[in-house]
1. Of the residues L221, L201, which is outside any helix (DSSP H, G or I) and either surrounded by 13 or more Cβ atoms within 10 Å (Cβ to Cβ) or modelled with pLDDT under 90 (or both)?
2. State the number of residues belonging to the range 244-288 that are more than 16 Å from the chain's Cα centre (by Cα) and among the aliphatic types (A, V, I, L, M).
3. Out of (1) in a helix (DSSP H, G or I); (2) in contact with a helix residue (DSSP H, G or I) (Cβ under 7 Å, 6 or more places away or on another chain); (3) more than 15 Å from I49 (Cβ to Cβ), the odd one out for R227 is which?
4. Pairs under 9 Å by beta carbon, first residue in the same structural domain as S384 (by TED's automatic domain parsing) and within 20 Å of G381 (Cα to Cα) in the range 346-363, partner part of a helix (DSSP H, G or I) and of a type in the set (D, E), six or more apart or different chains?
5. Please give the helices (runs of 4 or more DSSP H) falling wholly within the range 61-145 in which 2 or more residues are surrounded by fewer than 18 Cβ atoms within 10 Å (Cβ to Cβ) and outside the structural domain of V185 (by TED's automatic domain parsing).
6. Go through the range 221-280 and report how many residues are polar (S, T, N, Q) and farther than 17 Å from L61 by Cβ.
7. Looking at (1) surrounded by fewer than 19 Cβ atoms within 10 Å (Cβ to Cβ); (2) modelled with pLDDT of 90 or more, which is the only condition G255 fails?
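The values are calculated or read from the model by the stated rules, or taken from the named source; none is laboratory data. From a predicted model like this one, the values you see are computed outputs, not experimental measurements. Here the Cβ is made from the backbone with ideal geometry for all residues, glycine too, and neighbour counts use every protein chain on show.
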Amino acid sequence: MNKSLEPAIGCARLRGRSSPRRNNMTASSQARTKASPPLAEFIALVGLISSLVALSIDAMLPALPQIASDLGVQDMRQTQWVITSLIFGMSFGQLFFGPLSDSYGRKFGILTGILLFCLGSMLAMTATSLPMLLVGRVLQGIGVAGPRIASLALVRDIYVGDAMARVMSFVMMVFIMVPMVAPLVGQAVLLAFSWRAIFGLFIVLSTIAALWLVIRQPETLGVANRRPFRVQAIWRTTVAVVHHPRVLGFSITAGLIFGALLSYVASAQAIFQGIYQLGEAFPFYFGALAFGIGVASFANSGLVVRFGAERLTVTGLWGLLFFTTLLTLIAFGNQGIPPLWAFMGLGFLMFFCVGILFGNLNALAMVPLGRMAGIGAAVVGSVSNVVAVLVSALVGWFYNDTLLPILLGICVCSIAALLIVGQIRNLPDTPLE
């Protein structure tokens with residue numbers, strides 16, 4: 001659900017403008033596009049590859065009670081680590097696979113990541129204890145960072161400007177649909193088999209994606225355009241990001257918002273099946289709230305052109321704080337558990353605000369990166385993921401079978417994000433060199 005969105009602001013700036021770089025790239029991009037699969041097939045392939053992240057998170061949600069029972073987990077709060085451990089692994093995988101795909105090609109980065117993802121899935125599938133399962137999930141997270149990072153680079157290699165914006169909008173349509181249906185897929189597997197079979201499904205789908213990529217998609221990064229893999233470059237970019245107030249500030253803010261979302265996702269099964277007793281209807285309610293993020297993602301592409309990313313970010317943060325505070329007050333009046341109608345109605349509006357924030361925060365963090373955009377995006381993603389995991393773990397520790405810890409956590413994250421953005425929004429976008 002992290003969910004790694006293409007910067008809407010960048011796409012907006014490309015419309016109606018041209019540059020020598022764009023003209024030079026267009027010719028080579030068109031040549032490479034001729035060797036690629038048809039557009040519909042290419043979108044389906046990239047959509048499948050990039051959606052492995054969301055599938056790996058959301059398909060596991062219905063299985064958490066069964067995992068706890070089979071592995072002898074006494075404290076149900078510990079099952080939330082099954083979700084956050086994958087994001088933790090991605091934090092490190094992003095730093096590795098970004099430069100790796102620049103050095104050895106996009107297909108190598110994707111296939112290497114899928115191999116690690118499958119190994120992690122096998123380890124998790126055969127786990128006999130929670131620690132063993134978590135190690136498998138961390139390995140899954142490291143691996144799935146490869147397809148996530150390299151598939152977006154693959155799109156950038158082939159398409160530029162408006163064409164890239166169009167392709168990414170279709171890819172995002174596929175990506176957004178996954179959180180809505182993944183819990184339903186996980187539950188269907190549980191009804192027929194056990195939680196271990198869900199990891200088998202991950203292996204099957206990732207193998208299909210790998211074979212599809214090998215057979216149908218040519219390499220898009222020529223040998224002449226590849227750069228040597230240097231650890232020093234990663235370190236220099238990391239130091240530069242940490243010392244740039246706007247990049248670091250927007251990265252931390254993105255992590256706070258992602259952490260707020262992740263704290264809900266990690267507890268979603270307990271909320272819908274434990275608190276509201278919705279049983280097998282859980283995936284439908286979960287998907288309804290996820291739809292709010294999808295609606296916002298589509299709306300944002302038009303809103304950002306009219307209002308700008310910074311203004312939308314501030315508005316989205318205030319909106320998130322307002323709706324969350326309102327739901328928190330209702331929860332306080334109902335012993336920590338708001339009526340289902342209030343949770344779904346206000347929750348949809350909360351997630352709409354989150355959807356507005358995701359793309360804009362990532363775009364704002366990347367504006368000063370310039371020539372460091374490749375490795376810089378990986379560093380920004382890693383910083384955001386680490387913050388998100390810490391926030392989710394802290395909120396999850398205070399979970400008490402009510403919605404108050406989660407709602408209060410989102411309020412605190414929103415306030416902290418507003419304070420950070422208020423400090424950095426007027427600072428100059430000095431490019432990193």
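1. One residue alone meets the criteria, L221.
2. Adding up the residues that qualify gives 9.
3. (1)
4. N360/E310
5. none
6. Result for the range 221-280: 6.
7. Of (1) surrounded by fewer than 19 Cβ atoms within 10 Å (Cβ to Cβ); (2) modelled with pLDDT of 90 or more, only one is false for G255: (1).
Conditions tested, residue by residue: (1) closer than 23 Å to I87 by Cα; (2) at pLDDT 85 or above; (3) polar (S, T, N, Q).
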position: A31; (1), (2), (3): no, no, no
position: F42; (1), (2), (3): no, yes, no
position: I57; (1), (2), (3): yes, yes, no
position: P65; (1), (2), (3): yes, yes, no
position: V73; (1), (2), (3): yes, yes, no
